[in-house]
Structures are given as C-alpha cells and as structure tokens.
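The values are calculated or read from the model by the stated rules, or taken from the named source; none is laboratory data. Quantities reported herein were computed from a predicted structural model and do not represent experimental measurements. Cβ placement follows ideal geometry from the backbone for every residue including glycine, while neighbour counts extend to all protein chains displayed. The accessibility values were calculated without ligands, DNA or RNA, using every heavy atom of the protein model including side chains. Shrake-Rupley method; radii C 1.70, N 1.55, O 1.52, S 1.80 Å.
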Amino acid sequence: MFQRLPMYQHVGADAFKKNLFNIISFSEFLGNPHKDFKAVHVAGTNGKGSTSHMLASILQEAGYKVGLYTSPHLTDFRERIKINGKEISENEVVTFIDSNKSYLENNKLSFFEMTVGMAFSYFSKKKVDIAVIEVGLGGRLDSTNIINPILSIITNIGLDHTDMLGNTLAEIAAEKAGIIKPNTPVVIGEFQEETFPVFQKIAKNRSAEIVVASKETIELETDLKGDYQKKNSKTTYVAVQLLQSKGFKVSSDNIRRGLSSVVANTGLQGRWQQIHEHPKAICDTAHNKEGLKYVISQLERESYKQLHMVLGFVSDKKLEDVLALFPVDANYYFCKPNIPRGLDEEILFKQTLQFGLKGNTYKSVKQAYQAALCNANKEDLIFIGGSTFVVAAVLKADFLDI
C-alpha cells in the first residue's frame with residue numbers, strides 16, 4: 001500500500017483530495033464505523049499531535065478505553081493507530097488491507113484515506129469508549145472530517161501548506177474551522193487577532209460554544225519538555241473540562257498523572273526528545289516558522305560549548321521563512337530526508353549561504369548525524385530537525401545510544 005497508494009508525505013499535494021467523496025464512499029462500504037464511537041477532533045498548524053497525545057493520556061488515566069489516530073508516523077506505520085497506547089497489530093493491518101484490497105485499488109483511494117478507514121474500523125471493532133482523532137492536513141476537506149465529534153480542538157494557526165490551505169492566516173483558519181460542527185463546543189488553543197474572528201463567525205453560525213484556552217492562567221507540568229508544550233497542556237486542560245461537562249469522569253489526579261506520563265502512556269516521540277548524552281543530542285519535529293521559533297529559543301537557553309545542527313527539509317518548504325531563524329555560529333550538517341519530497345542537500349546548502357550558515361553536505365540523515373557525533377565534544381549540543389522525516393530517520397537508526 002505504501003507503493004500503490006499516493007501518500008502526501010512522499011508526493012505532496014498530488015495526494016491531497018479536494019473533496020470527501022472517496023472517504024465517505026469507503027466508510028459506507030465499511031459500514032460507517034465512525035458512527036460507533038465518541039470522538040474528539042483535533043486540528044491546528046502546530047501542537048495538534050502533542051495535544052492529541054496529552055488528551056489520550058489523561059483519558060487513559062481516568063480508566064477509559066481510548067483510541068488515538070495521528071499522522072504521520074515516525075518509525076512504524078502502526079504508530080498512527082493505537083488503543084491505550086498500544087499500536088494496532090501487524091495482523092490487523094494485513095487483514096484489513098487483504099479484505100479491502102480490491103476496493104482500495106479500484107476506487108483509487110489515497111494512502112491517508114485508506115488509513116483513516118482502517119483506524120475507524122479498528123476503533124469500532126474494539127469498542128473504544130472515545131477516540132482522539134488528529135486531522136491530517138487542514139480540516140474542512142481532511143478525510144477525518146466525516147466524524148461528528150463531541151468536541152473539536154484547533155490549537156493554533158500558522159502559515160504552513162499555503163499551496164493547499166491559503167496564503168493568509170485567515171484563509172488557513174477558515175479551512176481548519178471546517179471541523180467545527182453544529183452544537184458542538186470548540187476549544188481554540190491560542191487567541192490570534194487575525195484568526196479568532198474567523199472562528200467566532202463560523203462557531204456562531206453553527207451554534208457551537210467557543211472557548212479560548214490561552215486565557216487560562218493555570219500552570220501545568222508535563223513530561224514533554226518543549227517550551228511550546230505549555231500552550232498545548234493548557235489547551236488539553238480546557239478540553240478535559242468540557243469533556244467533564246459532558247459526563248466524562250476525570251479527576252485532578254487523572255489530569256496530573258496523564259500530563260506527566262504522556263510518553264509512557266502513548267509512545268509519543270520526536271518532541272524535544274533527547275536521544276544521546278555526552279554530547280547531548282535533541283531532536284524535534286518542528287518544521288515551520290512558528291514551531292521552529294520556539295525550538296530555537298529553547299536551544300539558546302541550553303548550556304554547551306558548540307552547537308551542531310543536523311538539518312534537512314522537504315522541497316516544498318518556503319526556506320526563506322525559516323532559515324533566518326537559525327543561529328549563524330553553529331556548525332551545520334545539511335542532509336536530505338529519504339523521501340521523494342526531500343530537498344536535495346546541495347540545494348539546501350546553497351540557499352543557506354545567504355543566511356550566513358556554515359557547514360557541509362551529507363547524502364543521508366544517518367551520515368550527517370554520525371558526522372555530528374564524531375565532531376562534537378562531550379560538552380557540545382547536537383540538534384536534529386527541520387523536517388519530521390529527518391527526525392524519523394535518526395530515530396530509526398541503529399546507533400542511538402543514551
């Protein structure tokens with residue numbers, strides 16, 4: 001299926017379907033499994049993955065059987081579909097594809113549409129109490145948007161995927177606001193002057209209660225160490241309050257334990273994750289201007305003698321928006337993510353020159369990271385990022401040692 005079905009992570013916009021016809025038809029073929037369970041729908045430019053995992057972790061601590069659907073995966077396809085932190089089994093994946101192979105190929109579904117159908121069927125079959133469903137891209141036309149959730153969450157809006165979602169924050173907000181459903185509350189993670197009126201108008205038209213999480217003053221501890229997780233934890237906290245009002249029994253202790261055990265409960269990877277010690281090496285999947293601002297700010301507060309940056313991007317990324325953020329006094333190791341959309345390391349190198357970034361090119365992420373490990377002293381710091389697929393490659397490597 002990786003080879004036969006168009007996958008956004010590999011081919012980009014060509015895999016993005018501009019209507020819900022395929023997923024609606026496929027869901028009907030499967031017996032509309034998405035109607036068998038309650039769901040929370042999570043969209044946003046940044047933080048939707050972390051927020052989804054935080055919420056799932058809290059609900060697990062409260063004793064619920066929780067489905068979790070996220071994308072993309074980092075090291076194993078089965079990461080996308082979990083129940084109480086346990087990945088769908090290989091046998092379940094193979095059985096689903098074998099049972100539906102003719103339909104998938106004859107109806108020209110995308111890889112994402114197939115995966116959504118698989119997740120919803122699995123959650124229905126296993127009778128989850130609730131599923132946390134992360135949007136893949138956008139919202140209005142995302143394949144997950146066939147669900148009728150009991151709660152919607154939109155974390156924030158940034159200028160990412162502008163070729164498909166729009167060129168302004170307001171246009172992108174309108175696409176993501178497509179997950180706001182009639183008479184269903186929506187949590188807005190961050191108040192932004194340009195986007196909130198869009199959410200407010202759509203929520204009013206759909207009689208949906210709107211709650212802004214960034215107004216919350218509570219400080220919450222989480223095992224996820226990125227600075228940006230402070231906003232995500234507030235968003236999750238407000239979401240839990242709304243679920244409590246709908247009858248879900250979640251205690252303060254459940255919230256505390258859930259937020260402090262996100263990695264253990266859900267297996268989340270790639271968010272300010274330390275993968276090596278002496279030298280300390282940290283990877284993070286932040287890949288757009290808004291996300292990278294937080295990561296680079298946090299890097300600046302780390303203690304080290306020299307900073308080493310293993311950096312790679314996808315070819316459709318607007319590099320001028322992000323390269324200016326990176327420190328000029330670091331040593332750079334430019335590489336290409338091993339996907340068709342990966343930006344050639346030589347092209348990246350040439351584009352970084354105008355921003356004063358100095359370094360060498362490497363044919364693979366693994367080679368770049370190995371070079372950084374060889375060159376770094378024990379007191380140095382290595383950062384790996386720029387793309388989800390750079391992080392995925394280094395997490396898959398067999399030489400990690402912490």
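Placing unit charges on C-beta atoms (Lys and Arg positive, Asp and Glu negative, everything else neutral), compute the dipole magnitude of region 276-395 about its Cα centre in debye, rounded to 20. Write down the numbers at each step before the final one.
Working: 14 positive and 14 negative charges, 35 e Å.
Approximately 160 debye in magnitude.
Starting from the Cα of Glu300, step 7 Å along the direction of its Cβ; do the same at Asn19; then give the gap between the two resulting points in nm.
My value for the distance between the label points is 4.9 nm.
Simple spin-label model, 7 Å along Cα-to-Cβ: Asn107 to Ser364 in nm?
3.8 nm
Rank Leu159, Ala170, Thr235 by how far each Cα sits towards the positive end of the charge dipole of region 124-257 (+1 on Lys, Arg Cβ; -1 on Asp, Glu Cβ) and give me just the farthest.
Final value for the positive-end residue is Thr235.
Which percent, to the nearest 5, of DSSP beta bridges fully inside the chain are antiparallel? Intermediate values should be presented prior to the final figure.
On the way: 9 of 47 bridges.
Of all bridge pairs located within the chain, approximately 20 percent are antiparallel.
Given Cβ point charges of +1 (Lys, Arg) and -1 (Asp, Glu) and nothing else, what value in debye, to the nearest 20, does the dipole of the chain about its Cα centre take? Before the final figure, lay out each step's value.
On the way: 47 positive and 45 negative charges, 178 e Å.
Magnitude of the dipole: close to 860 debye.
Straight distance only, please: which lysines reach the Cα of Lys126 with their own Cα at less than 26 Å, same-chain residues fewer than 8 apart left out?
Straight-line reach from Lys126, under 26 Å: Lys35, Lys38, Lys48, Lys65, Lys82, Lys86, Lys101, Lys181, Lys246, Lys249.
Stick to Cα atoms and the Kirkwood definition of Rh, then tell me Rg/Rh for the chain. It would help to have the intermediate numbers written out before the result.
Working: Rg = 20.7 Å, Rh = 21.6 Å.
Rounded to two decimals, Rg/Rh equals 0.96.
Compute the semi-axes of the equivalent ellipsoid of region 265-402, taking the square root of 5 times each eigenvalue of the Cα gyration tensor, and list them largest first in whole Å. Show your work: numbers first, answer last.
Details: eigenvalues 78, 57, 47 Å².
In descending order the semi-axes read 20, 17, 15 Å.
How many angstrom separate the Cα center of region 60-80 from the Cα center of region 104-135?
Region 60-80 and region 104-135 have Cα centres separated by 12 Å.
Could you let me know the centre-to-centre spacing of region 184-218 and region 331-402, using Cα atoms, in angstrom?
Value for the Cα centre distance between the two parts: 38 Å.
Need the full-extension length gain, Ala170 to Thr217, defined as separation in residues times 0.36 nm minus the C-alpha distance. One decimal, nm. Before the final figure, lay out the partial values.
Values: separation 47, 0.36 × 47 = 16.92 nm, distance 2.63 nm.
Fully extending the segment from Ala170 to Thr217 adds 14.3 nm.
For region 192-309, evaluate the Debye formula with one uniform point scatterer on each Cα (no solvent term) and list log10 I(q)/I(0) at q = 0.12 Å⁻¹, rounded to two decimals.
-0.60
With a 1.4 Å probe and all protein chains left in place, how much of the accessible area of region 318-370 comes from carbon and sulfur atoms, in whole percent? Write down the numbers at each step before the final one.
Details: 1340 of 2720 Å².
Carbon-and-sulfur percentage of accessible area, whole number: 49.
Stretch Gln354-Ser252 to full length: gain in nm at 0.36 nm per residue minus the Cα-Cα span?
Numbers: separation 102, 0.36 × 102 = 36.72 nm, distance 5.10 nm.
The Gln354-Ser252 span can extend by a further 31.6 nm.
Among Arg271, Arg341, Arg301, what's the order by accessible area (1.4 angstrom probe), most exposed first? Walk me through the intermediate numbers first.
Values: Arg271 60, Arg341 20, Arg301 145 Å².
From most exposed to least exposed: Arg301, Arg271, Arg341.
Please state the equivalent ellipsoid semi-axes for region 13-85: what are the square roots of 5 times the Cα gyration tensor eigenvalues, largest first, in whole Å?
Numbers: eigenvalues 109, 62, 29 Å².
Calculated on Cα positions only, the semi-axes equal 23, 18, 12 Å.
According to the Cα gyration tensor, what semi-axes, each the square root of 5 times an eigenvalue, does the equivalent ellipsoid of region 51-184 have, listed from largest to smallest in whole Å?
Details: eigenvalues 126, 82, 36 Å².
Three semi-axes, in Å: 25, 20, 13.
Just add up the charged neighbours of Ala371: K/R +1, D/E -1, any other residue whose Cβ is under 15 Å from the Cβ of Ala371. Before the final figure, lay out each step's value.
Working: positive: Lys336, Lys358, Lys363, Lys366; negative: Glu345, Asp380.
Local charge sum for Ala371: +2.
Quick one: pull the percentage of alpha-carbon pairs in region 259-322 with a separation above 13 Å. Walk me through the numbers before you get to the answer.
On the way: 1447 of 2016 pairs.
The calculated P(r) of region 259-322 puts 72 percent of pairs beyond 13 Å.
Sum up the charges of everything whose Cβ sits under 12 Å from the Cβ of Tyr362, counting Lys and Arg as +1 and Asp and Glu as -1, but leave Tyr362 out.
So the surrounding residues net to 0.
Excluding same-chain residues fewer than 8 positions from Lys201, which aspartates and glutamates have a Cα within less than 19 Å of its Cα?
Within reach: Glu171, Glu175, Glu190, Glu193, Glu209.
To the nearest 10 square angstrom, how much accessible area does Lys246 have with a 1.4 angstrom probe?
90 Å²
If R0 is 51 Å, what FRET efficiency do you get for His278 and Gln244 from their C-beta distance, rounded to 0.05? Intermediate results must be reported in sequence, preceding the final value.
Numbers: r = 45 Å, r/R0 = 0.87.
The formula returns an efficiency of 0.70 here.
Using a 1.4 angstrom probe with every protein chain in place, what is the largest-first accessible-area order of Met309, Met164? Before the final figure, lay out the partial values.
Working: Met309 0, Met164 35 Å².
The residues order as Met164, Met309, largest area first.
Report, to the nearest 10°, how far helix 196-205 tilts away from the longest principal axis of the Cα atoms in the chain, using its own Cα long axis and a range of 0 to 90°.
10 degrees
Okay, helix-only estimate at 222 nm for the chain: each DSSP H run of n ≥ 4 adds -39500 (n - 2.57), divide by all residues, round to 500 deg cm²/dmol; what do you get?
Values: 16 runs with 158 residues, N = 402.
Result for the chain: -11500 deg cm²/dmol, rounded to the nearest 500.
With a probe of 1.4 Å, find how much accessible area region 244-349 has per residue, and write the answer as a whole number in Å². Intermediate values should be presented prior to the final figure.
Working: 4730 Å² over 106 residues.
Accessible surface, normalised per residue, equals 45 Å².
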